[in-house]
Amino acid sequence: MNKYTGYIKVSAGIIKIICSEEYVLSVSFSDIIKENDKGSEVLDKALKQMNEYFSGERKKFDLPLYFEGTEFQKSVWNELRKIPYGTTVSYKDIAEGINNEKAVRAVGNANNKNKIMIIVPCHRVIGKNGKLVGFAGGLDKKEFLLEHEKKFM
């Protein structure tokens, strides 16, 4: 499978997107920026939609995603995609959404393994006490994303 990488710079840092010719494979924060690869329509579309998201024009992504994980993890990631823009839910809410209310810790672990952040909005999941907890990009990035979405509600 050919992989194509693209980058965009936003005020919170650099976003790195990796795609195949058919799917978005990962979205993450990066310390470096390089020239964007050419040859993937999916990457071009992902970069365009990500720029629209950060300019406040896009609230929902329309991209083909490839999830690599267990069936449980995939169920969590699909549930994350249902969280409306600009809102937050708890890990317990996600567990209940997948009809497994006792799986709160497992939901947290699946959230942590999400390779397609922002598009699969794991940043919208917070602790039941309302505090920001756990985010692979760092809590400062999570706070930035949540504040960004509030600004464009």
Residues of region 50-86 satisfying the condition of being touching a residue at least 60 places away in the same chain (Cβ under 8 Å) and either open to solvent by less than 80 Å² (accessible area, probe 1.4 Å) or over 16 Å from the mean Cα position of the chain (by Cα) (or both): M50, Y53, F54, G56, Y85, G86
Single residue of region 31-45 satisfying the filter (of a type outside the set (A, V, I, L, M) and loosely packed, with under 14 Cβ neighbours inside 10 Å) that is nearest to I119 (Cα to Cα): E41
Hey, K92 basic (K, R), in a helix (DSSP H, G or I) and touching a residue at least 60 places away in the same chain (Cβ under 8 Å) or not: no
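Here is a yes/no grid of residues against (1) in a helix (DSSP H, G or I); (2) assigned by the TED database to the domain that holds N129:
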| residue | (1), (2) |
| --- | --- |
| E21 | no, no |
| K48 | yes, no |
| I83 | no, yes |
| G86 | no, yes |
Residue list for region 3-19, filter: at pLDDT 95 or above and part of a loop (DSSP other than H, G, I, E, B): K3
From K113, K92, K131, residue being under 14 Å from the mean Cα position of the chain (by Cα) and open to solvent by 30 Å² or more (accessible area, probe 1.4 Å): K113
Hits in region 140-153 (condition: open to solvent by 80 Å² or more (accessible area, probe 1.4 Å) and in contact with a Leu (Cβ under 9 Å, 6 or more places away or on another chain)): E143
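The values are calculated or read from the model by the stated rules, or taken from the named source; none is laboratory data. What you are looking at is a predicted structure, and each value in this text was computed from that prediction instead of being measured. Every residue, glycine as well, gets a Cβ built from its backbone with ideal geometry; the counts of neighbours run over all protein chains shown. Heads up: the accessible areas ignore ligands, DNA and RNA and are worked out on the full protein's heavy atoms, side chains in. Shrake-Rupley method; radii C 1.70, N 1.55, O 1.52, S 1.80 Å.
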